[in-house]
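Structure first, commentary second.
The values are calculated or read from the model by the stated rules, or taken from the named source; none is laboratory data. Since the structure is predicted, the reported quantities are computational estimates derived from the model, not experimental observations. Here the Cβ is made from the backbone with ideal geometry for all residues, glycine too, and neighbour counts use every protein chain on show.
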Amino acid sequence: MAAPGALPGLSPGATGEALQRLLDAGATRGPPAGLPRGVAPAAPPAQPAPVTPYAEEPLSAAESFFAGRLDGPPLRQFGYDTFRNGAAPAPAFGALPDDYVLGPDDEVVLAFRGRARQTLTLRVGRDGALLLPDLPPVPAAGRTLAALRADLEARAARDLSGSEVFVSIGQVRQVNVLVAGEVLRPGFHGLNALASVLDALSAAGGVRKTGSLRAIRVEGPRGRRTIDLYAVIADAPGDADLALREGDRIVVPPVGGTVAVAGDVARPAIYELPPRAAAAPLAEMLALAGGTLRAGGNRLLVQQNDAAGRRSFAELAPASTLRRGDALLVQPGADVAANLVRLSGHVAAPLTRAAAGGPRRQTVRGLIGDRRLLRDDPYVRLGVVWRADARTGQRGYLGFDLGRALEGRGDLPLQDGDEVVVLARADVAFLASPAVQRALRGEAPVPPAQGQAPAPDCPALLALAVAARASPQRFAHARGAGFPDIGAAPCPQAFLDHPDLPVFLIDQAVVLTGEARRPGLFPIVEDTGLDQVIAAAGGLSDAADLRVVEFAREPPEPSGAIPLARTRLDLTSRNFAAIRLSPRDTVRIPRGFGDRDTGPVTLVGEFLRPGTYDIRRGERLSEVIARAGGLTPQAYPYGAVFTRDSVRQRQQEGFQRTARELETSLIQVAAGQAVAGTRGSTVDLGSAITAGRELANSLREARAAGRMVVEANPVILAARPELDVLLEPGDLVAMPKRPSEITVVGAVLNPGSLQFRTGWRASDYVRASGGAQRFADPPRAFIVLPNGQSTAAGLSAWQQGGPPVPPGSLVVVPQDPSPYETWGFVRDLTQVLGQVSVSAAALAVIAREANR
């Protein structure tokens, strides 16, 4: 027994293949057995062809025509994408309407209930009748389903007493419809009897863009009618009868007149005029386009062709009409914002609000109703309203006290178009930057140096420089106020958005200098208390002297007849609120005199209590040594190293200056030797210049110690107070242990350290180091003593070996400089080498004592 669903004579596994072969054969030889006549077998699903997006299809003639007249992306003809997929109509499902007209090959299902109980499936024959058992033939073709149902019910009640009949349609027939004209696939197309005009057009591939959507003709037994598809796809006025009958023919004529509707409408496109119409009301075409985007305030600009074919423009009234070929552009009458105010700057997010709503106008307090709208750390002493003049439209700045507005004590009404700019404290701090000070002197912004990353442009600096050059006395209160150079600061975003804002802020600023925690320029409104400015500066430092606070105010008339008013105020009562300030005032809070100096000194090495000690003004070395408990028994005061920052800077500058002079002398020697070389000179100029450059580089790389020769023995300082040095902040005293060696360096055979021998001179130590080398220069040898002084070593024959050398000394034997002697740049080399040696020895002692 065959499996359910299997074909006779085939295995179950081959059933699918056999069924596919039967279906394929039926596609060419007719319907297979078992399928009702007039119903085509199901074809295998075809692979859908790739579809080009409608917006990327080539332009039609109408689209190209209007594309040359309107800016922007080209408009497309409306409605033609409805049929562009060309999908075949799907078979009908569900109950049929009562007005369905039957025809041959329709399948009718009759269900008898009551005395006669049976179900019959009958097909309308070619003669148009239904053949029923026990009843005479019933005419069906040409009748509606409702009429056939009523007839059968009447026959059953008359001839089959006690029975009821129920009528339904089992299978509808297939009809062939001719679709001609401007369609993609004209010809006969098989459709079911329920198909509509849209189904027929879809089966024909849709209407070409050269065909009309508003004048489609349907011709058949019932006569001729015209269908306007805009009534279906665009909700245009009118009813479209889309039903088809057997023998109907669909003709798509060429497209009629078209107009383009572009701009601010819901559906910009190219629309066809009504059938056989050369013009249409403007309101009707705007309705097809979905209407305008705004309810009012539209400007209707139409581009037309005159009798000579020239394009002309015209303004249309709402009651106008559009003609064939017109291009309508809907624009705003005045595309500007009205009745609004903005909040920007140092805010969480920029805001836009209505300038007036109801009976009340917007105010600063109402705009910033929630403190959380502002970012942290705003500058509350001045907010800015950027306002346009009602007559000229020129914008300017208006200041207000933001702190008072937030507290509700002072409010400012806003006008249409105002922008409220909130400043940050960092924005105000930028006003005291070196870049702003240069701009106030009229200097243009400095471009970044070569090799540096380009800094963002700050147009505000250029605006300040231009204003300063135009009026040199305008920023006299802020120019050169003595603020520290804090380095380059980025241009604040508020000044990028409003480049001329710093000019207004500096005009409104007071200058607070001296002992404030953050001195600078502080923009204010008139009659602001000094206490509020001091609070904006972070308060006063502990060293402020409030007895002689300097207060300066410019005269109200800038003619110069009234001098600058400068007053000294006693504010020890700290009643700062009583001092009322005006823009351009200057307040200087001096530093009070203190006994403590501005920095500590450091003691390292052989002190009983080494460390860092604060000093008072005028304190001397012996006093600090006593505070440190004195010296240890192993201390060597003669070798103490005393360094000072100011001396270090001068020594370092001396090294750099000597290196520059040496290189200058090398250039002069090279020029002179080039001339001498023409006379047969045998001097190796290249080696000499190389040696000179190496010496100059060594001088540049040498690190100055800043050593001063001081007396550090407390016994001697007690006997000779004039040798007791005054200390400065940053001084360092390194007290070494008593050494037991002498170091010999330079042009000797065996440089190194030797044990100290009482009574030995420099010549003895040089001799113990193997003696001088061949190219040594003994007459220029020198000794660096432990206290930092230098003295001649006395190695010449007439100097008899020099004085005795104390322990911890450094004996330096230089090389013979005779090859360079005639060049004139070695006259100070001995002194320079001595300074380098002293610095090297001092740094070695400091490092050794600090690491203990």
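Note on region 144-248: enclosed strands (runs of 3 or more DSSP E) holding 1 or more residues that are among the aromatic types (F, W, Y) and more than 54 Å from the chain's Cα centre (by Cα) are 163-171, 187-192. The conditions of being modelled with pLDDT under 85 and either surrounded by fewer than 18 Cβ atoms within 10 Å (Cβ to Cβ) or at positive phi (or both) are not met by G187.
Condition first: in a helix (DSSP H, G or I) and among the charged types (D, E, K, R). Now tell me which residues in region 620-650 satisfy that. If the condition is that a residue be in a helix (DSSP H, G or I) and among the charged types (D, E, K, R), then E623, R627, D645, R648, R650 are the ones that fit.
Looking at P739, is it farther than 21 Å from P600 by Cα and more than 59 Å from the chain's Cα centre (by Cα)?
Yes, satisfied.
Residues are listed down the side, and each one gets a yes or a no for (1) under 20 Å from V533 (Cβ atoms); (2) within 29 Å of the chain's Cα centre (by Cα); (3) of a type in the set (A, V, I, L, M, F, W, C); (4) not in a loop (DSSP other than H, G, I, E, B):
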| residue | (1), (2), (3), (4) |
| --- | --- |
| V380 | yes, yes, yes, no |
| V384 | yes, yes, yes, yes |
| A390 | no, no, yes, no |
| G393 | no, no, no, no |
| R409 | yes, no, no, no |
| V420 | no, yes, yes, yes |
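Restricted to strands (runs of 3 or more DSSP E) entirely inside region 699-800, those with at least 2 residues that are β-branched (V, I, T) and either touching a residue at least 40 places away in the same chain (Cβ under 8 Å) or under 30 Å from D645 (Cα atoms) (or both) are 741-746, 782-784.
I169: at pLDDT 90 or above and under 27 Å from D106 (Cα atoms), yes or no? In short, no. Among the criteria (1) modelled with pLDDT of 90 or more; (2) over 23 Å from V384 (Cβ atoms); (3) within 47 Å of the chain's Cα centre (by Cα), the one G599 does not fulfil is (1). Residue count for region 343-377, restricted to those that are closer than 16 Å to D497 by Cβ and touching a helix residue (DSSP H, G or I) at 6+ places or on another chain (Cβ under 9 Å): 7. Scanning region 236-261 for residues that are among the charged types (D, E, K, R) and touching an Asp or Glu at 6+ places or on another chain (Cβ under 8 Å), we see that the one that is nearest to G205 (Cα to Cα) is R249.
Filtering region 620-653 to residues that are surrounded by fewer than 16 Cβ atoms within 10 Å (Cβ to Cβ) and at pLDDT below 90 leaves D645, S646, Q649, R650, E653.
Got at least one residue in region 246-257 being farther than 18 Å from V177 by Cβ, out of contact with any Ser or Thr (no Cβ under 8 Å at 6 or more places or on another chain) and in contact (Cβ under 8 Å) with a residue 12 or more places away in the chain?
yes
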